[in-house]
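A short write-up of the structure that comes next.
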Amino acid sequence: MREVVQNDKFRAGFPARLPARFPARRPARFPKVALRCGAVALATTAVLTGCAGPGEDSGAHPGPGNQPGQGGPAQALDPAAEHTRLVAAAEHWKLDTVPLRPPAPPAHKPRITARDGFEVDGQVEDDLPPVFTTIPTRQKVVFLTIDDGAEKDPNFLRMMSDLKIPYTAFLSNYLVKDDYGYFRRMQAQGHTLGNHTMTHPYLPGLSYEEQKDEICGMQAVMKKQFGKAPTVFRPPYGNYNGDTLRAAKACGIKYAPIWDEEVFVDHWEYREDDRELHPGDIVLTHFRGRDDWDGTMVDDMRRFLNKVTREGYAVARLEDYL
């Protein structure tokens, strides 16, 4: 029997496909599973209220320039004028304060390996794409990732462009094919598009060849529609097994990040028992709007940015660390 490695949010036997609109809410607490099955429990909690500034080692700072990894091409900008613009943008989007600027990308990128307990048989020997939830860094940065592509809110694009917040979008073709142009605009703003399969199935329930069709098929779509096939892939629901990672590698994938926290329009969920952000954490959210949530993507991003900024974190570009 194949060993199934899956996260703590979904179980074997989950439907292979979901409709275009997924349930927006999840139970308040999820039971733990053994590490060999891939995760520690997520626990829903209210947004933290403590305030903290960047530590001496954080590298996060409120510098005003358009630096690498902030979305959009780098430009020579007057610092004072850019800071004034960012203050106005934060006020326009009703943020508590201006988001912190990330440090420059590391000159020497960290070594990325599979998180303990998230490996599959042959992980090292076959040089399979690692599954991880956090980037090893001491800088107070987090990484924003957004899944599937169901909601296509133009205000979200404007907000993130105005504030220069980088993110990685993991796309499923059956949800994005009605408007590839929306995601081309996203790409033109400097954001990275990743692979989230063709139809968002429960991958461990499929054969190796079926999984390969899902992943390689999306690689072909992305190369045709966006100019290149990505090297970063997120398995739907965070569920995968050895066949998943072997298929991903065969399709040109090098990394398979999942997440350490998930932000919703009205609450956060955490993988770790301490229910806190950590340097290098990958944060998940989804392309959702009022049809699914009690708010918009702008509301969701406002919650995300207010919290990470209040706790002294900047949002960095994931691919700058890979």
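See the values below:
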{"item": "Strands (runs of 3 or more DSSP E) wholly inside the stretch 217-318 containing at least 1 residues that are of a type in the set (Val, Ile, Thr)", "result": "261-263, 282-286, 314-316"}
{"item": "Of all residues making up the stretch 70-96, the number that are under 24 Å from the mean Cα position of the chain (by Cα) and either modelled with pLDDT of 95 or more or loosely packed, with under 11 Cβ neighbours inside 10 Å (or both)", "result": "8"}
{"item": "Candidates Arg303, Arg288, filtered to the one that is under 12 Å from Phe264 (Cβ atoms) and either buried (at least 20 other Cβ atoms within 10 Å of the Cβ) or among the aromatic types (Phe, Trp, Tyr) (or both)", "result": "Arg288"}
{"item": "Neighbours by Cβ (under 6 Å, 6+ apart or cross-chain): first from the stretch 94-105, more than 17 Å from Arg303 (Cα to Cα) and of a type in the set (D, E, K, R); second part of a strand (DSSP E or B) and open to solvent by 10 Å² or more (accessible area, probe 1.4 Å)", "result": "Arg101/His61"}
{"item": "Residue in the stretch 129-153 that is nearest to the chain's Cα centre (by Cα), counting only those that are over 20 Å from Leu171 (Cα atoms) and open to solvent by less than 10 Å² (accessible area, probe 1.4 Å)", "result": "Val142"}
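The values are calculated or read from the model by the stated rules, or taken from the named source; none is laboratory data. All of these numbers come straight from a predicted model, not from anything done at the bench. Reconstructed Cβ throughout: ideal geometry from the backbone, glycine too, with neighbour counts over all protein chains shown. Just the protein is used for accessible areas: all its heavy atoms, side chains included, with ligands, DNA and RNA removed. Shrake-Rupley method; radii C 1.70, N 1.55, O 1.52, S 1.80 Å.
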